[in-house]
Amino acid sequence: MISEIHAHEDPILTREEAIEILNTPDDQLDTLIERAGILRKKYKGNRVSIHILTNVRSGNCTQDCAYCAQSCRSDADIDTYKWVDDDKLYNDNDFVNKYHLSRHCIGLSGMGFTDADIEQLAGRIRKMKETGTHLCCSIGFLTEKQARMLKDAGLDRINHNLNSSRNYYSHICTTHTFDQRVENIHMLQRLGFEICSGGIIGMGESKEDVVDMLLELKEINPEALPINFLLPIPGTPLGDQDISGLTYEYGMKVLCLARLLVPQSDIRCAAGREVYFKGHEKELLSVVDSIFASGYLTAGGQGINDTIQTITDAGFTYEIESA
Ligand code: SF4
């Protein structure tokens, strides 16, 4: 299959061919990485963008996503708060500007919000936009009115992940549907938001499910496509999930497929990077162009200085946008 992918053209893969990519023999992985790397260079050059996430609201979610420490099914020991301290939020925003990070991502647990909640959030967004930060908000379902309120406040991008395939979705969440997520994203796109949308690998889904999710993401064509590799959290339904299949080789095949299918998107290796790709940073960064600097909702990440070192050691530059 890999030999049929022409080096400098964006490949058009059928579902079967995409499944074949995930079944690439390990001794052909280097060739696959090389092919995906050509597209990465073509669209993203040699740069890696770095992100930091501030959890604005944590815990007490009404939804039952099986992987999530904040869900109503989780007994995980996490901090819960309705609004993060304003000092913390604005300090993190200053940190983004100080280190010239490309974007400030803020995450809110929960799926439904009142208009009053959204107005409070919009006020904080307006304040952070005074410093010129490019802002992304990870948030649940919004009404069109609420989405417009955030757009008017200056919010640039919204993260709303698909997480898994349509077929597998009910195995990980029963309180909302895959199609609700897709419809929410389309509404946001109509309003002009940039979209960040991706998924989680390692929740018991099949390779076909991974392919179907990526094909759906290809249709959405998000500006950023984060792939998370499950870090089972004790106290969640997936706390004891068998992750023996989450090898470096399999992870790279998934990321290469994401690059081949959605080549112009920022392909981000999000949760699980330090665990599953440790020692393989050069190969990883030759395919993905985006990583988080620290903090994946409630799981800790690698610090900023270590992250910069990792990037430069691997021969890449990190992205500096004027903030
Ligand atoms: S992923 Fe989001 S919607 Fe699902 S339980 Fe966690 S906070 Fe709630």
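Just so it is clear, none of the values below were taken in a lab; they were calculated from the coordinates. The structure displayed is predicted, hence computed values, not measured ones. Counting neighbours? That spans all protein chains shown, and the Cβs are built from the backbone with ideal geometry, glycine included.
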Gyration tensor verdict on segment 128-248 (Cα atoms; rounded if a/c is under 1.5, prolate if a/b is larger than b/c, oblate otherwise): prolate
Three-way shape label, segment 73-152, alpha-carbon gyration tensor, a/c 1.5: oblate
For the chain, calculated [θ]222 nm from helices alone, where every DSSP H run of n ≥ 4 adds -39500 (n - 2.57): -11500 deg cm²/dmol
Over segment 2-318, equivalent-ellipsoid semi-axes from the Cα gyration tensor in Å: 30, 22, 19
Pairs beyond 20 Å (Cα-Cα), from Lys42/Lys218; Lys88/Lys151; Lys98/Lys129; Lys218/Lys253: Lys88/Lys151
C-alpha center-to-center spacing [segment 31-103, segment 130-150] in angstrom: 15 Å
Spacing of the two label points (7 Å from each Cα toward its C-beta) at Glu17 and Thr174, in nm: 4.0 nm
